[in-house]
Amino acid sequence: MIKYQRSKKEPTVKQIETNPTISHLVAVSNNSVIGVDNHLPWTLKADLKHFSAYTQKKTVVMGKNTFVAIGHALPNRKNIVMSSTMKSSDEVHVASSLQDALDFAELWNIQINLENEIVIIGGGEIFNQTLNIANKLVITRVNCDIPGDVFYPKLDMSKWKITDSSVHQSDFENEYEFTIETYLLK
Ligand SMILES: NC(=O)c1ccc[n+]([C@@H]2O[C@H](COP(=O)([O-])OP(=O)(O)OC[C@H]3O[C@@H](n4cnc5c(N)ncnc54)[C@H](OP(=O)(O)O)[C@@H]3O)[C@@H](O)[C@H]2O)c1
């Protein structure tokens, strides 16, 4: 069970003990690359569709660089951006720490009656900081070895059990073959 210390600034709920699913939704190459020049290093239309379908009506947490790379708030999802330099707006809640992001996400899910899942969507810094609290991984394994400057952290796969896997062939809209795998913490 994950127990978060609540901040004193949140008078509505003093302490909550919930059991949220904290998932990583990531696409990674054979050599662990996830990004280059603040962009995705591939064109995979079917994976973008999968990303969109998986995150619909959920709360997503991302780092500032990923938000800049996407270029806008994701519609139909609660967008939480971790940043020490951005300001919150109508479309985006800016969290100044990981604890802030998780607290806000958890409260939002409870208040809006959303599924109790917090989807971490990157990038490298945020995946690194949340690897030890994630209990679900939805990994697109992109079958390529490519140059990049942001990497997904090395996982200890003995801690995870695979629950789903589907292969997608490359075609004119999908540069590389890829496999979407779902893992749950053992
Ligand atoms: N393949 C994939 O699945 C995938 C998914 C997402 C992103 N990406 C790629 O990953 C790259 C971006 O990753 P990245 O590692 O450079 O950046 P990032 O994780 O998206 O964002 C890093 C920024 O987040 C803020 N931040 C980080 N930790 C924080 C904390 N604890 N509290 C408050 N703010 C915090 C900081 O912004 P401030 O300076 O504002 O404080 C920091 O510069 C891009 O190339 C993107 O395309 C790939």
- Item | Filter result for the condition that a residue is within 11 Å of the ligand (Cβ to nearest atom) and under 17 Å from residue 21 (Cβ atoms), over 110, 121, 133 | 121
- Query: Is at least one residue of region 57-65 touching a Pro at 6+ places or on another chain (Cβ under 8 Å), in contact (Cβ under 8 Å) with a residue 12 or more places away in the chain and within 10 Å of the ligand (Cβ to nearest atom)?
  - Reply: no
- Task: Name the one entry in 50, 72 that is out of contact with any Leu (no Cβ under 7 Å at 6 or more places or on another chain), modelled with pLDDT of 95 or more and in a helix (DSSP H, G or I).
- Result: 50
- Task: Could you list all residues from region 110-136 that are hydrophobic (A, V, I, L, M, F, W, C) and within 9 Å of the chain's Cα centre (by Cα)?
- Result: 118, 119, 120, 121, 126, 127
- Message: Checking the conditions here, which among 32, 52 is surrounded by fewer than 19 Cβ atoms within 10 Å (Cβ to Cβ), of a type in the set (Gly, Ala, Ser), under 13 Å from the mean Cα position of the chain (by Cα) and more than 8 Å from the ligand (Cβ to nearest atom)?
- Response: 52
- Note on the structure: Within region 66-85, restricting to residues that are near the ligand (Cβ under 8 Å from one of its atoms) and over 14 Å from residue 123 (Cα atoms), the one that is surrounded by the fewest Cβ atoms within 10 Å (Cβ to Cβ) is 85
- Task: Tell me, please, whether a residue that is closer than 21 Å to residue 156 by Cα and either at pLDDT below 95 or surrounded by 14 or more Cβ atoms within 10 Å (Cβ to Cβ) (or both) can be found in region 101-119.
- Result: yes
- Note on the structure: Scanning region 55-65 for residues that are over 10 Å from the mean Cα position of the chain (by Cα) and closer than 17 Å to residue 87 by Cα, the one surrounded by the most Cβ atoms within 10 Å (Cβ to Cβ) turns out to be 65
- Could you list, in sequence order, the residues of region 81-109 that are under 16 Å from the mean Cα position of the chain (by Cα) and either assigned to a loop (DSSP other than H, G, I, E, B) or closer than 13 Å to residue 55 by Cα (or both)? 83, 97
- Given 34, 16, 22, which one is of a type outside the set (Gly, Ala, Ser) and either in contact with a His (Cβ under 8 Å, 6 or more places away or on another chain) or at pLDDT below 60 (or both)? 16
- In region 147-156, is there at least one residue being crowded, with 18+ Cβ neighbours inside 10 Å, more than 13 Å from residue 26 (Cα to Cα) and of a type in the set (A, V, I, L, M, F, W, C)? no
- Query: Residues in region 150-168 that are without any contact (Cβ under 8 Å) to a residue 40 or more places away in the chain and touching a strand residue (DSSP E or B) at 6+ places or on another chain (Cβ under 9 Å): how many?
  - Reply: 11
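The values are calculated or read from the model by the stated rules, or taken from the named source; none is laboratory data. Please read these numbers as outputs of a predicted model, since none were measured by experiment. Virtual Cβ from ideal backbone geometry, glycine too; neighbours counted across all protein chains shown.
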